[in-house]
Amino acid sequence: MEKLRYADETDRCFGAAGMAVSLVIYDGEDLLTSISLDNASEADTVEMSPDFYFAGSPAVSAKASWHQMVKNYNIGVAMVIANLLCRYYVNRHTGLPEDIRATLRDIAAEEGRAACQLDDDEIDSIFEKNFSYLSRVFSHRGVQSVVYDFTSALASKRTLSRLDTLDLLSALQSL
């Protein structure tokens, strides 16, 4: 996992921006609580609501629970992919190395099996669909411009609320 580590705080800002963009374009912005560079752990940069960690409930049918878990899994996979694609495509102006793509696929597979009992074909489909779509998103100059503005605001303010994040990313709607 060393190769997935942030190179520096700027890289961390771009990773957070990628995750925030993915939440907005996948209609998961209601799951976001805040984004902060001051959290002790790099993994806690983006704080999610408890609904993101939904693992089923006796008050909800098994089918509805499973669909919610798959939806959250899809959003989680998109966030991880977006984190890396934004860091490479937008910050480093380079493609994602194949070994990192393979690592992302392995992470998605492990989580898909554990969280949703998905088989490899379902995991591959979700991963490839997200990777392809997000590659196009982060290659778009308009999205890149929004990301630069977002990372600048995050670096300056250090913490962004859910509403601050949505306000900064509202320009995505016009692209």
Rounded to 0.05, the calculated FRET efficiency for the beta carbons of Gln117 and Asp30 at R₀ = 22 Å is 0.30
Residues meeting the amide H criterion for Thr33 (H placed from the backbone, H to H distance under 5 Å, 5 or more places apart or on another chain) are Glu47, Met48, Ser49
The value for segment 37-98 (convex hull of the alpha-carbon atoms, volume per residue, Å³) is 112 Å³
The ³J(HN,Hα) series, computed from each phi in segment 165-175 with the Karplus coefficients 6.51, -1.76 and 1.60 at θ = phi - 60°, rounded to the nearest Hz and given as x for glycine or proline, is 4, 5, 5, 5, 9, 4, 5, 4, 5, 8, 8
Heavy-atom accessible area of segment 62-140 with neighbours in place, 1.4 angstrom probe: carbon+sulfur share in percent works out to 53 percent
Computed Rg/Rh for segment 1-54 (Cα atoms; Rh = Kirkwood radius) stands at 0.98
Mean Cβ-within-10 Å packing, highest first, puts peptides 146-157, 113-124, 80-91 in the order 80-91, 146-157, 113-124
So, over other residues within a Cβ distance under 9 Å of Asp30, counting Lys, Arg +1 and Asp, Glu -1, the net charge is -2
The local net charge around Asp51, scoring Lys/Arg +1 and Asp/Glu -1 for residues other than Asp51 whose Cβ lies under 14 Å from its Cβ, equals -2
Given a 1.4 Å probe, the accessible area of segment 109-175 per residue, as a whole number of Å², is 57 Å²
With Ala7 itself left out, Lys, Arg at +1 and Asp, Glu at -1 over residues whose Cβ is under 10 Å from its Cβ give +1
GNM on the chain, Cα springs under 10 Å; top mean-square fluctuation among Glu111, Glu98, Glu29 goes to Glu98
The Kirkwood hydrodynamic radius of the chain, taken as the inverse of the mean 1/r over all distinct Cα pairs, in Å, comes to 16.5 Å
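The values are calculated or read from the model by the stated rules, or taken from the named source; none is laboratory data. Quick caveat, the model's predicted, so the values are computed rather than measured. A quick note on method: Cβ atoms are made from the backbone with ideal geometry, for glycine too, and the neighbour counts reach across all protein chains shown. Heavy atoms of the whole protein, side chains included, go into the accessibility calculation; ligands, DNA and RNA do not. Shrake-Rupley method; radii C 1.70, N 1.55, O 1.52, S 1.80 Å.
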